[in-house]
Amino acid sequence: MMDVAMPTILLTNDDGVYSAGIRAALRALEQVGDVVVVAPAIQRSGFGRSISIFEPLRMSEVVIGEGTSAYAVGGTPADCVILGIFSILKRLPDLVVSGINVGENISTDSAMTSGTIGAAFEAAGYGVPSIAISTQVVEESHKFGDGRGYEGDFEVCASLLRRISARTIEKGFPEGVDVLNINVPHGADEHTGVEITRLARKLFKTDVEERNDPRGRPYYWISGGLIVNGEEGTDSWALYVRRSISITPLSLDMSVSVDKDELLSLLK
């Protein structure tokens, strides 16, 4: 009887290779396929889909979790996907998972800036079904950390990731879907509902704080509060209002259908 090859899963994140979230994802995915971990050596949140084209990349083999070998890359999450596919695997994996991110990734803000989602989009660009998964964090001290010391419960997130990953490998995504962006609310349990959502238009009320360094020179800190009451049907609404798991199907194609004559009128 011939052995059936296990599916290959490339696992990355933007919190860094030592994040508690990537270890939780690894434990869940090991039950689904052969997992190769390639992640940033340090925290790389907010890098979106940026790639390193003007400097060389360094990569080293490290040990995470209970003796698992992983690759730490001195670059962005998207860099990790590129090196994982073209340097380590030298072929396309069956699935790419980015996460579990410590902190939610919702709205158009995150879709454009999140390294978690950016890595998933990078993989989707090569035709690989990709999942970005995040868990909501309410502890202020961990909102923008690297997730290494986060002690939150990943059980619901990991269980959901395991099920969806197995089904995705078996069946693929619905037509037109390139990435699934999943967000699990803080305190979720086995009874927490699941909503299929769209991206909220905005997540942050953007602000800029101007401060002075010890020498009196100004510097600037981008900040802003969360918008937690998004429109019904959005990921923000599901997570913050309904306290549900949000699954948002995303596409690489950002073009929209418009009245061509109306658009051409802008040229006149």
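What follows draws every value from the coordinates through simple rules; no lab data is involved. All of these numbers come straight from a predicted model, not from anything done at the bench. Glycine gets a Cβ as well: all are built from the backbone with ideal geometry, and neighbour counts include every protein chain shown.
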_Taking the square root of 5 times each eigenvalue of the Cα gyration tensor, what semi-axes in Å does the equivalent ellipsoid of segment 92-239 have, largest first?_
30, 18, 16
*asked:* Run the numbers for Ser87 and Arg215: contour at 0.36 nm per residue of separation, minus the present Cα-Cα distance, in nm.
replied: 41.5 nm
*Enter the mean projected area of the convex hull around the alpha-carbon atoms of segment 59-132, in nm², rounded to one decimal.*
5.4 nm²
*For segment 173-184, in order, what is each residue's ³J(HN,Hα) by Karplus, 6.51 cos²θ - 1.76 cosθ + 1.60 with θ = phi - 60°, in whole Hz (x at glycine and Pro)?*
7, x, 4, x, 9, 9, 9, 9, 9, 10, 10, 10
*Can you pull the percent of Cα pairs in segment 1-69 with separation above 14 Å?*
64 percent
*asked:* Give the aspartates and glutamates reachable from Lys202 as a straight Cα distance under 17 Å; neighbours fewer than 8 places away on the same chain don't count.
replied: Glu104, Asp109, Glu231, Glu232, Asp235
*At 0.692 mPa s and 37 °C, Stokes D of segment 164-268 from Kirkwood alpha-carbon radius, µm² per second*: 187 µm²/s
*Over segment 102-245, calculate the relative contact order: mean separation of alpha carbon pairs under 8 Å at least 6 apart, over the residue count, as a percent.*
28 percent
*List every residue whose amide H lies under 5 Å from the amide H of Arg198, counting only residues 5 or more places away in sequence or on a different chain, with H placed 1.01 Å from N in the peptide plane.*
Thr234, Asp235
*Mind listing the Cα extents of the chain along all three principal axes, in Å, largest one first?*
67, 56, 45
*Percent relative contact order of the chain, based on C-alpha pairs within less than 8 angstrom and at least six residues apart?*
18 percent
*For Asn101, enumerate residues with amide H under 5 Å from its amide H, sequence gap 5+ or separate chain, H modeled in the peptide plane.*
Ile133, Ser134, Thr135
*Can you tell me which of 98-110, 209-221, 47-59 comes out highest on packing, and rank the rest after it, using the mean Cβ neighbours within 10 Å?*
98-110, 47-59, 209-221
*Would you please give the residues with an amide H less than 5 Å from that of Val37, counting only those at least 5 places away or on a separate chain, with H modeled from the backbone geometry?*
Leu11, Tyr71
*Find how much the distance from Ile42 to Glu190 grows on full extension, using 0.36 nm per residue of separation minus their present alpha carbon separation; answer in nm with one decimal.*
50.0 nm
*Which of Glu175, Glu170 has the fewest Cβ neighbours within 10 Å, and the rest in rising order*: Glu175, Glu170
*So what J values fall out for segment 104-109 if you push phi through Karplus, 6.51 cos²θ - 1.76 cosθ + 1.60 with θ = phi - 60°, rounded to Hz, Gly and Pro as x?*
5, 10, 10, 6, 5, 4
*Per residue of segment 153-170, in order, report the coupling 6.51 cos²θ - 1.76 cosθ + 1.60 (Karplus, θ = phi - 60°) as ³J(HN,Hα) in whole Hz, putting x for Gly and Pro.*
8, 9, 4, 5, 4, 5, 5, 5, 4, 4, 5, 5, 4, 4, 5, 5, 4, 6
*By how many nm would the segment from Arg58 to Val138 grow when fully extended, if each residue of separation counts as 0.36 nm and the alpha-carbon distance is taken off?*
25.4 nm
